[in-house]
There are 2 protein chains.
Amino acid sequence: MELWFTEKDTVPGLALSVKVNKVLHREKTDFQDLAIVDTPIFGRMLFLDNIIMTNIKDEFVYHEMISHVALNTHPNPQKVLVIGGGDGGAIREIIKHPKVEKAVLVEIDRRVVETSKEYLPEIACGLDDPKVEVLYEDGIKYVNEHKNEFDVIIVDSTDPIGPAVGLFESNFYKSCYDSLKEDGIFVAQTESPYYNEELIPQIQKNLRALYPITKLYLAFIPTYPGGCWSFTMGCKKYDPETVDLSNWPGYPTRYYNPEIHKAAFVLPNFVRELIKE
Amino acid sequence: MELWFTEKDTVPGLALSVKVNKVLHREKTDFQDLAIVDTPIFGRMLFLDNIIMTNIKDEFVYHEMISHVALNTHPNPQKVLVIGGGDGGAIREIIKHPKVEKAVLVEIDRRVVETSKEYLPEIACGLDDPKVEVLYEDGIKYVNEHKNEFDVIIVDSTDPIGPAVGLFESNFYKSCYDSLKEDGIFVAQTESPYYNEELIPQIQKNLRALYPITKLYLAFIPTYPGGCWSFTMGCKKYDPETVDLSNWPGYPTRYYNPEIHKAAFVLPNFVRELIKE
């Protein structure tokens, strides 16, 4: 018997299926349906509410690209906040940066962290680092209570359905703005430009109302719908496209490099059109 | 009843499914299984041997990126050859370039051209242009018989299985080299770097044995496995990365622009590693 998992409904009329060796873990947490499966093509995979979150084969792309672009745009990213990201992949990348002194992870679902530590140690390996603080609470509440504190805030959320809806709303963006220091940088995963023609311009608009510099960049992520994923940045002071990267510390990465940092902001015409002011 | 088409086996353990409104046409040609289906998400789609070839929604990416990078690297691309590409999408793009005087399409399967003209007129619309010659023959034989003739050769083939196998072999690459003029440019679609860790370096190696300048570039194509697609170029004289594009004629495109031309050659570390000498 062949076992396949099929992700449906994230994009209507489209489905991605992955052959499964074994379902290693499945539970209903207080927030969502959580599963870990082992697959021949991507190794172990994490699913939340039947949507592919991360996997051993291509997770480096998402986690490097959501972290290093902002970290290397800021001249001194000492204190970093991650909202969501309970698998630990963004944290693992953040603590590679030599200037990071403290990284706070605020994940609403404790079971995502615990299960990732157990089944995805390659991804979760940074969560026990002494620089890292892991909190199990609502990210929206957390940023409301922490003003003028962070150099970089990374929103590593699920899709804008279920527990993550509030992380795509303008009130939350305003709270993040206030939680950043006066030269801080905000970055969020913002879905595919091929399938979110309304969401992406709306996020741009909301961030433009707050930040003098708002930019979108792209990366190749095979397991997300369309394989083309966007990240949106709001910067109070530093421009990610013109920043001098010649002194990049050069820690090990598999996707990110200073040339990719710049090239990721070069957009196809249809994406330029999508976010034009 | 919901009808879905599933592309399996192009990458083992992975499948992409598309909801189908209606199967508009299906036949066994002399060379392959050909189908045209209408879908809610991608509009009309062309399948060959059950593999997604092109579709109305995202075809612009592939057809612009296989054509304009080479055309705008060459200072005077008067005569262009396309091997394969029977849907006509590459031809439609090529004849946008004001310097192109003649474009020859050599497609082995007449039914791909005829069916595309009937069902995909948005893609096939350039095939009746007076600058275009369409020939139904074996591309390998054609390049063997046409020496020192073309400024640009574009290999718009199916995957390296079935009728296209010979289009990934070093004998064919040598024939294309000889079919190009002394400053000619060769470009071929060369699959996904996420799933073809052996094929892509092999193609690089074969082209490096012929051309002083060999480069790989990438584009976002949602309907091809992984969404990340590679093209490999061999150039006798002109370097696509350093070419001056400030005089780009600026015909209408939805993906290509001079900045994308350059950024497409900026590779993630794992792809650099894949093709390093």
Among the residues of segment B:229-262, what is the count of those that are without any contact (Cβ under 8 Å) to a residue 40 or more places away in the chain and either over 15 Å from B:E64 (Cα atoms) or of a type in the set (D, E) (or both)?
6
Across segment B:1-38, which residue is surrounded by the fewest Cβ atoms within 10 Å (Cβ to Cβ) among those that are closer than 22 Å to B:K117 by Cβ, under 23 Å from the mean Cα position of the chain (by Cα) and of a type outside the set (D, E, K, R)?
B:T29
All positions within segment A:168-177 that are open to solvent by 20 Å² or more (accessible area, probe 1.4 Å) and more than 15 Å from A:N196 (Cβ to Cβ):
A:E169, A:S170, A:N171, A:K174, A:Y177
Any residue in segment B:111-124 that's in the same structural domain as B:G86 (by TED's automatic domain parsing) and open to solvent by less than 70 Å² (accessible area, probe 1.4 Å): show its pairings with residues that are assigned to a helix (DSSP H, G or I) and among the hydrophobic types (A, V, I, L, M, F, W, C) at Cβ separation under 6 Å, as long as the two are six or more apart or on different chains.
B:S116/B:A124
Does B:L127 meet the test of being assigned by TED's automatic domain parsing to the domain that holds B:E93 and in contact with a Ser or Thr (Cβ under 9 Å, 6 or more places away or on another chain)?
yes
Among what's in segment A:191-238 and is more than 12 Å from every other protein chain (Cβ to nearest Cβ), assigned to a strand (DSSP E or B) and open to solvent by 10 Å² or more (accessible area, probe 1.4 Å), pick the residue that is farthest from A:T158 (Cα to Cα).
A:I213
Restricting the search to segment A:75-96, which residues are open to solvent by 10 Å² or more (accessible area, probe 1.4 Å) and either hydrophobic (A, V, I, L, M, F, W, C) or at pLDDT below 95 (or both)?
A:I95
Kindly list the number of the only condition in (1) open to solvent by 20 Å² or more (accessible area, probe 1.4 Å); (2) more than 18 Å from the chain's Cα centre (by Cα); (3) in contact (Cβ under 8 Å) with a residue 12 or more places away in the chain that fails for A:E145.
(3)
May I ask you to list the residues in segment B:173-190 that are part of a helix (DSSP H, G or I) and either under 16 Å from the mean Cα position of the chain (by Cα) or in contact (Cβ under 8 Å) with a residue 60 or more places away in the chain (or both)?
B:Y173, B:C176, B:S179
Given the criteria buried (at least 20 other Cβ atoms within 10 Å of the Cβ), more than 14 Å from every other protein chain (Cβ to nearest Cβ) and of a type in the set (A, V, I, L, M, F, W, C), does B:L180 qualify?
yes
In segment A:246-258, is there at least one residue being within 14 Å of chain B (Cβ to nearest Cβ), on the phi < 0 side of the Ramachandran plot and crowded, with 22+ Cβ neighbours inside 10 Å?
yes
State all residues of segment B:199-240 that are hydrophobic (A, V, I, L, M, F, W, C) and over 23 Å from A:L267 (Cβ atoms); if no residue qualifies, say none.
B:L199, B:I200, B:I203, B:L207, B:A209, B:L210, B:I213, B:C235
Filtered residues of segment B:259-277 (kept if within 14 Å of chain A (Cβ to nearest Cβ) and outside any loop (DSSP other than H, G, I, E, B))
B:E259, B:I260, B:H261, B:K262, B:A263, B:N269, B:F270, B:V271, B:R272, B:E273, B:L274
Output the residues belonging to segment B:48-74 that are of a type in the set (V, I, T) and open to solvent by 10 Å² or more (accessible area, probe 1.4 Å).
B:I51, B:I56
Strands (runs of 3 or more DSSP E) wholly inside segment A:1-119 containing at least 1 residues that are away from chain B (no Cβ under 14 Å), among the basic types (K, R) and touching a strand residue (DSSP E or B) at 6+ places or on another chain (Cβ under 9 Å):
A:22-28, A:79-84, A:102-106
Options B:G139, B:G88; residue that is closer than 23 Å to B:K236 by Cα and free of Cβ contacts under 8 Å to residues at least 60 places away in the same chain
B:G139
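The values are calculated or read from the model by the stated rules, or taken from the named source; none is laboratory data. Because the structure is predicted, anything quoted here is derived from the model rather than measured. Positions of Cβ are backbone-derived with ideal geometry, glycine not excepted, and every protein chain shown enters the neighbour counts. Surface accessibility is based on the protein's heavy atoms, side chains included, excluding ligands, DNA and RNA. Shrake-Rupley method; radii C 1.70, N 1.55, O 1.52, S 1.80 Å.
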